Amino acid sequence: MTSATEAISVWVRQESQSQDAAGVNAMMDLVAAEVAGQAISTERIAGREGLGDHLVLRAGPQNGQAPVLVLSHLDTVHPKGTINGPLPLRVEGDKFYGPGLYDMKAGAWLALQAFREALSEGLLTRPVTFIFTADEEIGSPTSRALIEAEAKGARAALITEPARQGGKIVTARKGTASFEMEIEGRAAHAGVNHALGRSALREAAHQVLTLEGMTDYEAGTTINVGQLKGGTVTNVVPQFASLKIDGRVSSLAAGEDLVRRVLALTPRTPDTTLHIRGGMNRPPYEKTPEVAALFDLAKGLAAEIGFTLEDVPMTGGGSDGNFTAALGVPTLDGLGIDGDGAHTLQEHGLISSIAPRQALMKALLRSL
């Protein structure tokens with residue numbers, strides 16, 4: 001292994017699934033130890049709701065200029081024990097495998113090295129705030145307010161989520177919505193009094209078809225009913241059912257329309273009731289002229305380093321970049337390692353992408 005892969009291996013071996021507060025906090029310990037003794041102030045924000053801590057690093061000249069904001073999350077989706085089971089840490093040619101390596105510990109690591117190097121070499125011309133968060137993979141419930149507070153007034157936001165295949169970066173993301181629907185019918189004996197029952201699962205079937213029918217690929221809107229639960233035993237007409245629903249939209253207007261339509265749904269089955277809650281979780285991140293200008297800067301810097309940088313069309317996955325972009329902060333995302341297989345047992349990064357991506361991050365911190 002190279003020195004970079006050895007260092008990243010330390011981070012990957014420390015498993016840190018979102019609900020494993022101890023594991024996430026151990027990751028924060030590794031970051032804090034790495035910057036100890038440098039001219040970097042650290043603020044550790046205690047976790048809540050059973051989740052891990054957040055860590056805020058600040059450095060650079062305090063010259064009144066708007067800061068650059070860098071965002072990395074250190075939580076992963078893989079449960080503890082994955083590294084000793086189905087996804088062991090290993091190198092196969094240029095592919096570097098491990099749970100959370102691609103999404104996004106390698107990206108967080110290389111960005112931290114770029115930050116430290118730019119600081120030690122006196123390249124920073126404005127303040128930099130680097131936030132490591134603990135809960136991005138579950139929707140950033142305890143970090144969103146922190147991110148938005150630090151983003152206000154920032155010159156730019158740089159997000160170290162993994163690159164798309166071929167090293168492409170992200171300049172637009174769909175907004176995400178989340179809903180839960182609870183359905184109540186009326187129980188009855190399925191053999192003796194079937195006609196007296198009102199099946200919550202029957203009503204759920206109607207609602208699934210209605211919800212999925214809101215998908216409009218041309219408009220960039222999708223609805224996915226990802227979970228359906230209900231019933232008790234086969235000889236009882238089910239009284240209760242529940243749905244969990246995911247929505248993706250390409251604009252704020254589309255998001256408002258989707259929320260309105262979902263919350264306005266009414267029962268199709270007589271004598272049943274619906275209880276619906278939810279709304280937009282992450283606002284859309286659109287490629288504004290300011291985002292396009294920031295991408296052009298990054299593209300030019302990449303050319304100087306020696307590689308071609310491209311971006312991808314609006315992607316359906318959300319990130320903390322959605323929050324910063326929605327505040328009007330020019331945002332570049334997908335600045336982490338290249339690779340593939342996020343959230344799967346084939347998750348891997350490409351070793352050959354570490355050095356150029358680190359150089360790009362350093363160049364951005366120098367140039368902004």
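The values are calculated or read from the model by the stated rules, or taken from the named source; none is laboratory data. All values derive from a computational prediction rather than experimental measurement. Every residue, glycine as well, gets a Cβ built from its backbone with ideal geometry; the counts of neighbours run over all protein chains shown. Accessible surface areas use protein heavy atoms only, side chains included; no ligands, DNA or RNA. Shrake-Rupley method; radii C 1.70, N 1.55, O 1.52, S 1.80 Å.
Being open to solvent by less than 40 Å² (accessible area, probe 1.4 Å), within 15 Å of Leu74 (Cβ to Cβ), part of a helix (DSSP H, G or I) and touching a Pro at 6+ places or on another chain (Cβ under 8 Å) is a description that applies to Val12.
Listed here are the residues, each with its yes/no results for (1) touching a helix residue (DSSP H, G or I) at 6+ places or on another chain (Cβ under 9 Å); (2) assigned to a loop (DSSP other than H, G, I, E, B).
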residue: Ile131; (1), (2): yes, no
residue: Ser140; (1), (2): yes, yes
residue: Leu158; (1), (2): yes, no
residue: Gly166; (1), (2): no, yes
residue: Gly191; (1), (2): no, yes
residue: Leu211; (1), (2): yes, no
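Scanning segment 218-250 for residues that are among the small types (Gly, Ala, Ser) and in contact with a helix residue (DSSP H, G or I) (Cβ under 9 Å, 6 or more places away or on another chain) returns Ala219, Gly220, Gly230, Gly231, Ala241, Ser242, Gly247. Looking at segment 337-353, which of its residues are touching a residue at least 12 places away in the same chain (Cβ under 8 Å) and surrounded by fewer than 18 Cβ atoms within 10 Å (Cβ to Cβ)? Selection gives Asp340, Gly341, His343, Leu345, Gln346, Ser352.
Checked against (1) assigned to a loop (DSSP other than H, G, I, E, B); (2) within 20 Å of the chain's Cα centre (by Cα), Leu87 meets all criteria but (2). Looking only at segment 142-156, residues that are in a loop (DSSP other than H, G, I, E, B), over 18 Å from Gly23 (Cβ atoms) and modelled with pLDDT of 95 or more come to 3 in all.
Taking the conditions exactly as written (touching a residue at least 60 places away in the same chain (Cβ under 8 Å), part of a helix (DSSP H, G or I) and open to solvent by less than 10 Å² (accessible area, probe 1.4 Å)), does Ala118 satisfy them or not? Criteria met by Ala118. Any residue in segment 169-180 that is in contact with a Phe, Trp or Tyr (Cβ under 8 Å, 6 or more places away or on another chain) and among the polar types (S, T, N, Q)? Within segment 169-180, one or more residues are in contact with a Phe, Trp or Tyr (Cβ under 8 Å, 6 or more places away or on another chain) and among the polar types (S, T, N, Q).
Just so you know, in segment 214-235 the residues that are open to solvent by less than 60 Å² (accessible area, probe 1.4 Å) and part of a loop (DSSP other than H, G, I, E, B) include one that is nearest to Thr176 (Cα to Cα), and it is Gly220. For segment 46-62, a residue qualifies if it is open to solvent by 20 Å² or more (accessible area, probe 1.4 Å) and either closer than 20 Å to Gln113 by Cα or at pLDDT below 95 (or both), and the qualifying residues are Arg58, Gly60, Pro61, Gln62. When restricted to residues that are at pLDDT below 95 and under 28 Å from Asn63 (Cβ atoms), segment 126-141 contains 0. Checked against (1) closer than 21 Å to Arg58 by Cα; (2) acidic (Asp, Glu); (3) in contact with a Lys or Arg (Cβ under 7 Å, 6 or more places away or on another chain), Asp311 passes all but condition (1). Scan segment 79-102 for residues that are open to solvent by 10 Å² or more (accessible area, probe 1.4 Å), under 21 Å from Gly52 (Cα atoms) and touching a strand residue (DSSP E or B) at 6+ places or on another chain (Cβ under 7 Å) and jot them down. Those that are open to solvent by 10 Å² or more (accessible area, probe 1.4 Å), under 21 Å from Gly52 (Cα atoms) and touching a strand residue (DSSP E or B) at 6+ places or on another chain (Cβ under 7 Å): Pro79, Lys80, Tyr102. Pairing each residue of segment 300-314 that is within 14 Å of Arg357 (Cα to Cα) with any residue that is of a type in the set (Asp, Glu) and surrounded by 13 or more Cβ atoms within 10 Å (Cβ to Cβ), provided the two are 6+ apart or on different chains, yields no C-beta distance under 7 Å. Screening segment 17-45 for residues that are within 21 Å of Arg116 (Cβ to Cβ) and in a loop (DSSP other than H, G, I, E, B) and picking the one that is least open to solvent (accessible area, probe 1.4 Å) gives Ile40.
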